[in-house]
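What follows is a set of notes on a single structure, which appears directly below.
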Amino acid sequence: MLTYPSWSPRQLVSAADLNPYLFENNKQLTSPSAFRVKGLESLASFSSKTDAKWDGWDFQRQGWTSPNMVKFRCPSAGTYFVTTNLTFRPPSDMDGKKSAQVDAMVSVQFPQDDSTNDLLKSLNTTKIVGSYLSVNCSGLVHLPEGAFISVRVTGWGGEWTKATSENKSSSMNSFAAIQIAPDAKGLAG
């Protein structure tokens, strides 16, 4: 959270008094709270709602943590740009006549009452047998300090599997958040 000093009118302020506010606020604005995780080696297949368990941290700033690599604790309240990218192979028994679908959902678990709300959703479909399908889910989210965010995927039309290619799963699947407005009280104006 940004801090703002308060001085009386026409009060002389020294550089020593002003520097802590400038330094801390600039540090918050130039190196905002953020994290990125990648890889879904443990998510070999799914056909119903499944939590995404990520393989490892790409980076984190300002204290993001996770008890299980499924949900991630927000260390600082504010508005975040959240994004997840997922790539899977559609069901192998597709006939090319009906579409198979995969969706991604970003959810938040609030610290004060443990309620969970779905905040962002994306859906993609294909009729192409043997292809890959990517789904991207991104948007602005207001997170209170201590909230947990996570990703869930759902496959429709059969069993979806992890994409196998020369590209590692970590390059095709990621989940990230970066704080863009540390003092925001919500998304409304």
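The calculated 222 nm mean residue ellipticity attributable to helices in the chain amounts to -3000 deg cm²/dmol, summing -39500 (n - 2.57) over DSSP H runs of n ≥ 4 and dividing by all residues. Residues whose amide H lies under 5 Å from that of A52, counting only those 5 or more places away or on a different chain, are V151, R152, V153; hydrogens are built 1.01 Å from N in the peptide plane.
Once you list every other residue whose beta carbon is under 12 Å from the beta carbon of E159, what net charge do they have if Lys and Arg are +1 and Asp and Glu are -1? That works out to +1. Nearest 10 degrees is fine. How inclined is helix 15-30 to the longest principal axis of the chain, computing both from alpha carbons? That helix lies at roughly 10 degrees to the long axis. Placing +1 on the Cβ of every Lys and Arg and -1 on the Cβ of every Asp and Glu, with no other charges, gives the chain a dipole of roughly 280 debye about its Cα centre. Annotation: extensible slack from S115 through Q62 equals 16.6 nm (criterion: 0.36 nm per residue apart, minus Cα-Cα distance). In this simple spin-label model, placing a label point 7 Å from the Cα along the Cα-to-Cβ direction at both A16 and K98 gives a separation of 7.6 nm.
Within the shell defined by Cβ-Cβ distances under 12 Å, the residues around V70 carry a net charge of +2, with Lys and Arg each +1 and Asp and Glu each -1.
In the structure shown, the pairs K38/K98; K53/K97; K38/K121 are assessed against 29 Å; a Cα-Cα span above that value is assigned to K38/K98; K53/K97. Here the accessible area is traced with a 1.4 Å probe on the protein chains. For region 42-187, carbon and sulfur cover 49 percent of it.
Close amide H pairs (under 5 Å, H built 1.01 Å from N) link L119 with V106, S107, V108, residues at least 5 positions away or on another chain.
The values are calculated or read from the model by the stated rules, or taken from the named source; none is laboratory data. What you see is a predicted model, and the numbers here were worked out from it, not measured in a lab. In this analysis, Cβ positions are derived from the backbone assuming ideal geometry, glycine residues included, and neighbour counts consider all displayed protein chains. When the accessible area is computed, the model is the full protein with side chains, heavy atoms only, and any ligands, DNA or RNA have been set aside. Shrake-Rupley method; radii C 1.70, N 1.55, O 1.52, S 1.80 Å.
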